[in-house]
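Data first, discussion second: the structure below is written as structure tokens.
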């Protein structure tokens, strides 16, 4: 009986939180028009959320591409198909690893930072202070960060994929002797713009939306104490990871299901 | 209604306010009046909901029952836009200062002016420097909030609170944690701002002497009720046990030193967790149930 009570209470808590998060999202979206009027707010956040994530995305993309090149070569060479290494590396990155790994890294770097920043602003009464100055913190603080995350994510995923493809080429052509021309021409011939690249971009747009929403909501909803902010930051990374991987499965099934 | 002083010239009126947090009743049908141009202090022991009262007056929290009117307008029945228009004429000094940490002192003070007016930058500069001069921190305009002492941060926050020339200011524990020099500076500053700008000031504090020195009228809150009210002189001479305990800083009295608990000996002898080992293979069932309850 105790178990069912616990289950019921947990379910109710989860749905209540989902409801709060939905209202929060509506207010974020309604605040976006005021961000467009003041682009300086957005530019500042694009720098801290997007530009400062460049390094981690570039380095990770390079190594993931290099590993793909290495593993792909070992497998493809068994069938004498090492010339198609470029297609394998590019398709893996553009369709899956680019959006997914970039989003996971984004959640870890930018998402956690957003949650901690908003949570600490709440704990130090900065958000209340803005309210009392008749300045809407959703419009001035939350919406610019949301828009910056939403716009940065597809660009970061594209960067991740591009650097990864170069990493694959460095290993495949540079170290393992795959023909450089074949690497690029096979990729161009077999990668579909609509089916592969656009679908990958759609995925990264969805991940950017969800990750930014989760990060900002967790910060705004955090208990305003050191422990509360710490827990909220952890929840951001965990919930973002679950959402990204779960949504990736759904989106993949919808996009590539009939192939 | 018996503890309500009826004045014709109240800027803020709190009528029959009731507010609870969970099971705990923070305010139980209290009424207060804040006269225009005067300094009114709300005093009482920690945890009596003094800060909560300021948040209710500012429209950040909603009462269960009762109303708060500012300048004749019911705060909790205003539309969001109207509430924001009203808040432009209210300043609030938070206990922590609540300065925006990514801006320097100058930009913090300029922030509400830039947000709410279309003044040219040269005029904003003059305005901000005047406000900073009033709090003695014109020379600190380029410092970041993390480079300020607690007292300086509060003075900057005060400059920001008066940036739009409000009709009233609410001070949340302005003297807490201040050294004697900063405290003296803040006391003088609050008094002089009130006099020179003709502000209506509401000070929430438990620093008896500093607050009594500048307040025109004092309310003492305890246990969700107004337990005393009057001029500082009347409060000092009050026969109320509650007021006397608070003003004289007695450790025990109507406000108990001990938080409610079961009998001490009973607690010591029958505690199920008293001898619980640090590491157990399995937690006792009661402990697991308690955890589930906490999460539910």
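The values are calculated or read from the model by the stated rules, or taken from the named source; none is laboratory data. The structure displayed is predicted, hence computed values, not measured ones. Backbone-built Cβ (ideal geometry, glycine too); neighbour counts: all protein chains shown.
Quick notes on this one:
- Any hit, region B:26-48, residues being within 14 Å of another protein chain (Cβ to nearest Cβ) and out of contact with any helix residue (DSSP H, G or I) (no Cβ under 9 Å at 6 or more places or on another chain): no
- Residue selected from region A:202-234 under the condition surrounded by fewer than 18 Cβ atoms within 10 Å (Cβ to Cβ) and touching a helix residue (DSSP H, G or I) at 6+ places or on another chain (Cβ under 8 Å), by the criterion nearest to residue A:92 (Cα to Cα): A:202
- Within region B:66-91, the set of residues being free of Cβ contacts under 8 Å to residues at least 12 places away in the same chain and either away from every other protein chain (no Cβ under 14 Å) or in a helix (DSSP H, G or I) (or both) comprises B:72, B:74, B:77, B:80, B:81, B:82, B:84, B:85.
- Among residues of region A:1-27 that are within 14 Å of chain B (Cβ to nearest Cβ), those with a beta-carbon under 6 Å from a residue that is in a helix (DSSP H, G or I) at least six positions away or on a different chain give the pairs A:6/B:292; A:27/A:138.
- Residue within region A:144-156 that is farther than 22 Å from residue A:242 by Cα and within 14 Å of chain B (Cβ to nearest Cβ) present: yes
- Output for region B:165-207, where each listed residue is crowded, with 17+ Cβ neighbours inside 10 Å and part of a loop (DSSP other than H, G, I, E, B): B:166, B:167, B:173, B:174, B:175, B:178, B:199, B:206, B:207
- Meets criteria (away from chain B (no Cβ under 14 Å) and in contact with a helix residue (DSSP H, G or I) (Cβ under 8 Å, 6 or more places away or on another chain)) for residue A:82: yes
- Figure legend. Inter-residue proximity from region A:183-208: first residues without any contact (Cβ under 8 Å) to a residue 24 or more places away in the chain, second residues in a loop (DSSP other than H, G, I, E, B) and surrounded by 19 or more Cβ atoms within 10 Å (Cβ to Cβ), beta-carbon distance below 6 Å, spacing 6+ or different chains. No pairs are indicated.
- Which listed residue, of A:102, A:116, is part of a helix (DSSP H, G or I) and within 14 Å of another protein chain (Cβ to nearest Cβ): A:116
- Residues of region B:56-65 satisfying the condition of being within 11 Å of residue B:14 (Cβ to Cβ), free of Cβ contacts under 8 Å to residues at least 60 places away in the same chain and within 14 Å of another protein chain (Cβ to nearest Cβ): B:56
- When the residues of region B:145-162 are filtered to those that are away from chain A (no Cβ under 14 Å) and out of contact with any helix residue (DSSP H, G or I) (no Cβ under 6 Å at 6 or more places or on another chain), the one that is farthest from residue B:183 (Cα to Cα) is B:147.
- Residue in region A:69-76 that is in a helix (DSSP H, G or I) and under 21 Å from residue A:150 (Cβ atoms) present: no
Here's the yes/no breakdown for (1) outside any helix (DSSP H, G or I); (2) more than 11 Å from chain A (Cβ to nearest Cβ); (3) free of Cβ contacts under 8 Å to residues at least 40 places away in the same chain; (4) under 26 Å from residue A:121 (Cβ atoms):
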position: B:54; (1), (2), (3), (4): no, no, no, yes
position: B:114; (1), (2), (3), (4): no, no, yes, yes
position: B:118; (1), (2), (3), (4): yes, yes, yes, no
position: B:124; (1), (2), (3), (4): no, yes, yes, yes
position: B:132; (1), (2), (3), (4): no, yes, yes, yes
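- For region A:39-59, the set of residues classified as touching a residue at least 40 places away in the same chain (Cβ under 8 Å), within 17 Å of residue A:137 (Cα to Cα) and within 14 Å of chain B (Cβ to nearest Cβ) consists of A:41, A:44, A:45, listed by residue number.
- For residue A:178, the criteria (1) part of a helix (DSSP H, G or I); (2) surrounded by 19 or more Cβ atoms within 10 Å (Cβ to Cβ) hold in every case but one, which is (1).
- Pairs, first at positive phi in region B:1-27, second modelled with pLDDT under 90, C-beta under 8 Å, six or more apart: B:16/B:1
- Test result for residue A:211, farther than 24 Å from residue A:29 by Cα and at pLDDT 95 or above: no
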